[in-house]
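The values are calculated or read from the model by the stated rules, or taken from the named source; none is laboratory data. For clarity, every value in this text was computed on a predicted model and none was experimentally measured. Counting neighbours? That spans all protein chains shown, and the Cβs are built from the backbone with ideal geometry, glycine included.
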Amino acid sequence: MAFDIKRKKAFVCDLDGTLFMGPNPIVPAVRFVIDSTKSGRFRFFYLTNNTSKCPEEYMRKIAGAGIPVAPEQILTPLITLESYIRRKGYTSVYLISSEKVKAHMAGRLADVGVSLDYDPERNELIALTYDKELTYAKLADATSLWNMRNCPPSPMCPIRTRNQSPVDFVATHPDNCCPSERGPIPDIGGMMRFLETTNGMKPSHVFGKPSPTLLEPVLELFRPEEVAVVGDRLYTDKAIADNAGVDFVCVLSGETTPEDLRRYAGTPPAIVVDTFDMVAEGSG
Ligand SMILES: [Mg+2]
């Protein structure tokens, strides 16, 4: 069915390439979001896989462009990680993250008293984020924890913990690289590969785009046909829309080119526009 903006109540917006190009706002797209927010015509949510930053940092960036924004509009896999820890009832997590993300998560989970430090006898979960303060010691602690709890006793893994319950392992998102002004720089993908290459440890869950879990807070408020994901990447933004069963608005203000769309073998986006503001004119 043709994309019908009259049925839409909420847009889930990718940031880089959709509303911003690096630090700079894409002016007509941002203007459309500001006007539609103020008129109440649409609800907006902002989607990022980047777990090296806290949601507050994204709020500052979005508010800095003049868009009114509240914490519940920011969707990052740190929210999915928090729900996962709560749902599983974990009380001891080895969180591999920067100090500021650790402080953020400790604050979020303060009511359930979860410890986020390395503790081989107590840890129930290893949670890997895009840790820009990653050290060799953290990687060695993660693998040794896995060795002591998840590998059968052997001369290769001689040290055992008294607690012999297997430890769970999750990663916040799957990205191999992070775009930067210096070109692609390492993201969490290489960190996962580092661990897997060492002793075979693999996450039980990888949150973030394209996993539809990130859209759960939106789909609790709106029906799928009332929601669209807006983004510039087919393999992440369109994939999460497809996986969640919602429309995808493809913008050409970022990574995807008309040539990429011609070569794209999957189902086409619901609508393709140069910049997000044109969604209002291009539908119907
Ligand atoms: Mg993007």
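Any idea which of (1) in a loop (DSSP other than H, G, I, E, B); (2) crowded, with 21+ Cβ neighbours inside 10 Å is the one F248 doesn't satisfy? Only one criterion is unmet by F248, namely (1).
Is there a residue in segment 222-231 that is crowded, with 21+ Cβ neighbours inside 10 Å, at pLDDT below 95 and either more than 16 Å from the ligand (Cβ to nearest atom) or of a type outside the set (K, R) (or both)?
Start the filter on segment 222-231 by keeping residues that are crowded, with 21+ Cβ neighbours inside 10 Å, which leaves 227-231.
Restricting the remaining residues to those that are at pLDDT below 95 gives none.
The answer is no, given that none of the residues of segment 222-231 is crowded, with 21+ Cβ neighbours inside 10 Å, at pLDDT below 95 and either more than 16 Å from the ligand (Cβ to nearest atom) or of a type outside the set (K, R) (or both).
Exactly one residue out of Y84, Y94, Y118, Y90 is closer than 30 Å to V230 by Cα, surrounded by 14 or more Cβ atoms within 10 Å (Cβ to Cβ) and modelled with pLDDT of 95 or more, and it is Y84. Residue count for segment 238-284 satisfying the condition of being in contact with a Lys or Arg (Cβ under 7 Å, 6 or more places away or on another chain) and among the acidic types (D, E): 2. Restricting attention to segment 11-30, and to residues there that are part of a loop (DSSP other than H, G, I, E, B) and β-branched (V, I, T), which single residue is nearest to the ligand (Cβ to nearest atom)? By that ranking, first place goes to T18. Please give the number of the condition N49 fails out of (1) more than 16 Å from the ligand (Cβ to nearest atom); (2) within 21 Å of F276 (Cα to Cα); (3) in a loop (DSSP other than H, G, I, E, B). Of the numbered conditions (1) more than 16 Å from the ligand (Cβ to nearest atom); (2) within 21 Å of F276 (Cα to Cα); (3) in a loop (DSSP other than H, G, I, E, B), the odd one out for N49 is (1). Of all the numbered requirements in (1) surrounded by 20 or more Cβ atoms within 10 Å (Cβ to Cβ); (2) within 21 Å of L219 (Cβ to Cβ); (3) not β-branched (V, I, T), F32 misses one, and that requirement is (2).
Of all residues in segment 70-113, those satisfying the criterion of being more than 23 Å from L15 (Cβ to Cβ) and of a type in the set (S, T, N, Q) are T91, S92.
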